[in-house]
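S.K.: Would you mind keeping the following structure in view while I ask a few things?
The values are calculated or read from the model by the stated rules, or taken from the named source; none is laboratory data. The model shown is predicted, which means the values in this text are computed figures rather than measured ones. Every residue, glycine as well, gets a Cβ built from its backbone with ideal geometry; the counts of neighbours run over all protein chains shown.
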Amino acid sequence: MRDINRRDFLAAGVALGSAAVLGGCGSSNSSASSSAKTTPLAKRPDIAKEPGHLSILEWGGYEAGGTPAQTSGLWAGTDYTKAFGKHSVTYTYIVNDDQSLAKAANGGPFDIMHPCNEMLPSFVSEGLVQPWDTSLLPSFKNLNPFLVQKGQLNGKQYMIPWDWGYASLLYRTDKIDPADATGWELAWNPKYKGRISLWNGAGSNMEVAALKLGYTKPGEMDHMSDSQIQAAKQALIQQKPLNKFYWSSEYGQMQPAFKAGDIWIAYTWQDAYVSMNAAKLKVAYLNPSEGKLSWFCGFVLGAQTKNYFHAHKYVESFINHHACVQMTNLFYYGTSDMTIKPSEIQDQHLAKQLNVGDPHAIEASDVHLQSWQPNRSMYELAWQEVLAS
Amino acid sequence: MSTTTVTGALVKPARLRWLSSRAFARFLTAATPTLYVLLLLVGPIVLIGLYSFGLMSNIPGVHGSFSTSNWSDFLTGAGNPFRSRFFTSMLITLVVSCAAVLGAYPLAYFLAFVARRHRYTILLAVMAPFFTSYLLRVIAWQVMLNNDGVINSLLWQLHLRANGHAITWLIYSKFSVGLVLFYAWVPFVALPIFVVLDNLDPRLIDAAHDLGAGRFSTFLRVTLPLSLPGVVAGFVFVLIPTTGEFIAPLLVGGPSSQMFGNSIQAFFSDTPDWNYGSVLAIALVVVVIVLLALFGRFVSPDLAAPEEAAA
């Protein structure tokens, strides 16, 4: 009997994921519209015969408008709750990408999940999702083809892209010396010990450490070798004492601490920059010399859903033009909707600063799109070792 | 045919007799808790044990096979951070348990000997917050300890500190984790000590006084030794659950004050590696069993009779 050790276990995980990605690569040249295959609808029960109550794995703040859980002002989803009721959806929350996969695999089954794109191959290889029928989504034709194509694996549309943005360091300009705010090394500056807070996210922190260490070739941060992973781990162990805390909840933990002045430097997404500007704090969103991180997330359909048509209705209520415009004006994230006009964005200065109107911003050469990590298990283990060290 | 009927008629009453017997009642009484323990305690531990030896996997497509590599990595791997975290956590647990006993003893003493007829009212008042969720109580401490929280704001209002200059170590530190755990456990430690002190035979104290012992000497030589079963019980009450604590470090602890329980929680919720997380979980279970074996014999099943327990 062959022993299975941790290395074998991780290797098996890597092999599984690799198989999914290699399968996906075969279809990478196919166009968004032609490769999205439809599921035979005749076999499915009519929408009226579905249970109707959706169970959704979601990030806090992204709940459908009209539900009691939605308190951040998001309108998206309102069409759905108007049609099916404000109690027609139950949410289970995730606080980081690693948790999205762990909860999807062990906490479900969910009808819809909202992971980020780098997790998609793992969702597919673990059999947690099924392809969408894009013909049931009237707004699908308006979506960014680059993101749509990234949401495909094995020629099937597993992810409907919705939100995209950047990840970088938000910092107080009245507390931080401008000479120190040049790159990711700002988070390693001992001058600001106890005033820094990185996110409790394995993949993202390993990417940040990789960029700080100079692993800046395209895709390099997500394809680190064993020795590079060890170097990134050591860099994070070195940085660890400088943190006030690793934040898990943006709205419940990081933003209040930033507003209160407990922390001056935080790894975050651009909505926090918008929020701190609104709170009249003197802040800047770092443009690191090594490049910002960028990301996009989207909706995936649960493999075991009994609410197939309800799920499509729900997603349509998020990707329609009005919902996308309102989301951008609320969080200043980009959306996958290509039909948004500059005149529809309220704060032009902010929009220009964050490139939210530019459908190609996420592909720019000075940003690093967070992508699937073949060695993700190693990244996660390294991060757990950082936390335990 | 008639033979069968006769045989059946003889067997049936015998079965019925057993079903209505005292032995069956005893079997039922013992079977229910035994089944409960087997299904809900032993069963999950065995499953986690299987995961820890690689015999099971939570990754679809990965088939388990016996391996001790995760165990040897945890127990003997050079500089294994989880092992260091384990010892650090045990140290925190020990300090919190000792502090909780030291904090609870005066409370129990006050309730037993000073509060007199109001003691149960005061005890209820002390216990009242503990009828709310533990999570809510930890979050309430966040509100108290934050840099712009209740304590720092009060210090600013009283001009004891310059406005805006918070005491930063109040939260996200080992101090905050220790404080919250201390708060969480003091009443539960006070309970067994109070029960012992409340049932102490007052004639023993009177006798000590009659023999010329002062109040302090009486406490040291009579009250304290007789209350030790309650003290040990209270100590164990804190020690065992705190070994697996993860909520307080998660909410009020900083990066350097996370406990062993946080690593276990993270392996099961944030990573796909249940096998390594199971090694950590089983290690903790073993520690709890050892602690129970060590302290169990000092804990009297009848705290109301300390003299017997001491004997």
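S.K.: Please pick out the residue among A:278, A:260 that is within 14 Å of another protein chain (Cβ to nearest Cβ), over 25 Å from residue A:179 (Cβ atoms) and either touching a residue at least 60 places away in the same chain (Cβ under 8 Å) or among the small types (Gly, Ala, Ser) (or both).
M.R.: Checking each option against the conditions leaves just A:260.
S.K.: Return only the number of the condition from (1) surrounded by fewer than 22 Cβ atoms within 10 Å (Cβ to Cβ); (2) over 17 Å from the mean Cα position of the chain (by Cα); (3) among the aliphatic types (A, V, I, L, M) that residue A:323 does not satisfy.
M.R.: Among (1) surrounded by fewer than 22 Cβ atoms within 10 Å (Cβ to Cβ); (2) over 17 Å from the mean Cα position of the chain (by Cα); (3) among the aliphatic types (A, V, I, L, M), residue A:323 violates only (1).
S.K.: Does any residue in region B:158-169 that is part of a loop (DSSP other than H, G, I, E, B) come within less than 6 Å, Cβ to Cβ, of a residue that is surrounded by 10 or more Cβ atoms within 10 Å (Cβ to Cβ) six or more places away or on a different chain, and which pairs are these?
M.R.: Going by the 6 Å Cβ cut-off, the qualifying pairs are B:161/B:155; B:163/B:156; B:166/B:147; B:166/B:152.
S.K.: Right, something else. Restricting to region A:153-166, give me the number of residues that are in a strand (DSSP E or B) and either assigned by TED's automatic domain parsing to the domain that holds residue A:274 or touching a strand residue (DSSP E or B) at 6+ places or on another chain (Cβ under 7 Å) (or both). Outline the logic, then answer.
M.R.: Step one: of region A:153-166, the residues in a strand (DSSP E or B) are A:153, A:156-157, A:159-166.
Imposing the further condition that a residue be either assigned by TED's automatic domain parsing to the domain that holds residue A:274 or touching a strand residue (DSSP E or B) at 6+ places or on another chain (Cβ under 7 Å) (or both) reduces the set to A:159-166.
Number of matching residues: 8.
S.K.: Can I ask one more? Tally up the residues in region B:175-219 that are small (Gly, Ala, Ser), buried (at least 16 other Cβ atoms within 10 Å of the Cβ) and farther than 20 Å from residue B:96 by Cβ, please.
M.R.: Residues that pass the stated criteria total 2.
S.K.: Also: Being in contact with a helix residue (DSSP H, G or I) (Cβ under 8 Å, 6 or more places away or on another chain) and of a type outside the set (D, E, K, R) is the filter here, so list the residues in region A:141-155 that pass it.
M.R.: Listed by number, the residues that qualify are A:142, A:143, A:145, A:146, A:147, A:148, A:149, A:151, A:152, A:153, A:154, A:155.
S.K.: Of the residues that make up region A:231-240, is at least one in contact with a strand residue (DSSP E or B) (Cβ under 7 Å, 6 or more places away or on another chain), surrounded by fewer than 23 Cβ atoms within 10 Å (Cβ to Cβ) and at pLDDT 90 or above?
M.R.: Just the residues of region A:231-240 that are in contact with a strand residue (DSSP E or B) (Cβ under 7 Å, 6 or more places away or on another chain), to begin with: none.
Checking region A:231-240: not a single residue is in contact with a strand residue (DSSP E or B) (Cβ under 7 Å, 6 or more places away or on another chain), surrounded by fewer than 23 Cβ atoms within 10 Å (Cβ to Cβ) and at pLDDT 90 or above.
S.K.: When you check residue A:174 against the structure, is it in contact with a helix residue (DSSP H, G or I) (Cβ under 9 Å, 6 or more places away or on another chain) and not assigned by TED's automatic domain parsing to the domain that holds residue A:123, yes or no?
M.R.: No, not satisfied.
S.K.: Would you mention how many residues in region B:40-91 are touching a residue at least 60 places away in the same chain (Cβ under 8 Å), of a type in the set (S, T, N, Q) and over 19 Å from residue B:285 (Cα atoms)?
M.R.: So the count comes out to 2.
S.K.: Here's another thing I want to ask about it. Give region B:242-264 a look and list any residue that's part of a helix (DSSP H, G or I), surrounded by fewer than 21 Cβ atoms within 10 Å (Cβ to Cβ) and more than 10 Å from chain A (Cβ to nearest Cβ), or say none.
M.R.: B:247
S.K.: Given the criteria closer than 18 Å to residue A:371 by Cα and either touching a Leu at 6+ places or on another chain (Cβ under 8 Å) or not β-branched (Val, Ile, Thr) (or both), does residue A:185 qualify?
M.R.: Judged against the criteria, residue A:185 is not a match.
S.K.: On to the next question. Output yes when any residue across region A:101-109 is surrounded by 19 or more Cβ atoms within 10 Å (Cβ to Cβ) and assigned to a loop (DSSP other than H, G, I, E, B), and no when none is.
M.R.: The answer is no, given that none of the residues of region A:101-109 is surrounded by 19 or more Cβ atoms within 10 Å (Cβ to Cβ) and assigned to a loop (DSSP other than H, G, I, E, B).
S.K.: Test of understanding: among A:204, A:227, which residue is part of a helix (DSSP H, G or I), out of contact with any helix residue (DSSP H, G or I) (no Cβ under 7 Å at 6 or more places or on another chain) and closer than 18 Å to residue A:286 by Cβ? Explain how you work it out, then say what you get.
M.R.: Values: A:227 fails: closer than 18 Å to residue A:286 by Cβ.
After ruling out the rest, the residue left standing is A:204.
S.K.: I would also like to ask the following. Can you name the number of the only condition in (1) within 30 Å of residue A:284 (Cβ to Cβ); (2) part of a loop (DSSP other than H, G, I, E, B) that residue A:353 fails?
M.R.: Of the numbered conditions (1) within 30 Å of residue A:284 (Cβ to Cβ); (2) part of a loop (DSSP other than H, G, I, E, B), the odd one out for residue A:353 is (2).
S.K.: Within region A:134-152, identify whether any single residue is touching a residue at least 24 places away in the same chain (Cβ under 8 Å), farther than 19 Å from residue A:338 by Cα, of a type in the set (Val, Ile, Thr) and touching a strand residue (DSSP E or B) at 6+ places or on another chain (Cβ under 7 Å), and answer yes or no.
M.R.: no
S.K.: How do the helices (runs of 4 or more DSSP H) wholly within region B:1-75 filter down when requiring 1 or more residues that are at pLDDT 80 or above: which remain?
M.R.: Ranges flagged: B:22-37, B:43-52.
S.K.: Related question: Out of A:124, A:148, I need the residue that is farther than 19 Å from residue A:321 by Cβ and among the aliphatic types (A, V, I, L, M). Which one?
M.R.: Exactly one of A:124, A:148 is farther than 19 Å from residue A:321 by Cβ and among the aliphatic types (A, V, I, L, M), namely A:124.
S.K.: Now, a different point. When residue B:232 is evaluated against the numbered criteria (1) under 23 Å from residue B:83 (Cα atoms); (2) more than 14 Å from every other protein chain (Cβ to nearest Cβ); (3) assigned to a helix (DSSP H, G or I), which criterion, by number, is the only one it fails?
M.R.: Unmet condition: (1).
S.K.: Mind checking whether some residue in region A:359-366 is aliphatic (A, V, I, L, M), part of a loop (DSSP other than H, G, I, E, B) and at pLDDT below 90? Spell out how you get there, then give the answer.
M.R.: Here is the first cut: in region A:359-366, the ones aliphatic (A, V, I, L, M) are A:361-362, A:364.
Of the ones still in play, those that are also part of a loop (DSSP other than H, G, I, E, B) are A:364.
In the following step, the residues that additionally are at pLDDT below 90 were identified as A:364.
Yes, region A:359-366 contains a residue that is aliphatic (A, V, I, L, M), part of a loop (DSSP other than H, G, I, E, B) and at pLDDT below 90.
S.K.: In addition: Would you tally the residues in region A:369-389 being more than 10 Å from every other protein chain (Cβ to nearest Cβ) and either assigned to a loop (DSSP other than H, G, I, E, B) or on the phi > 0 side of the Ramachandran plot (or both)?
M.R.: Final tally of qualifying residues: 6.
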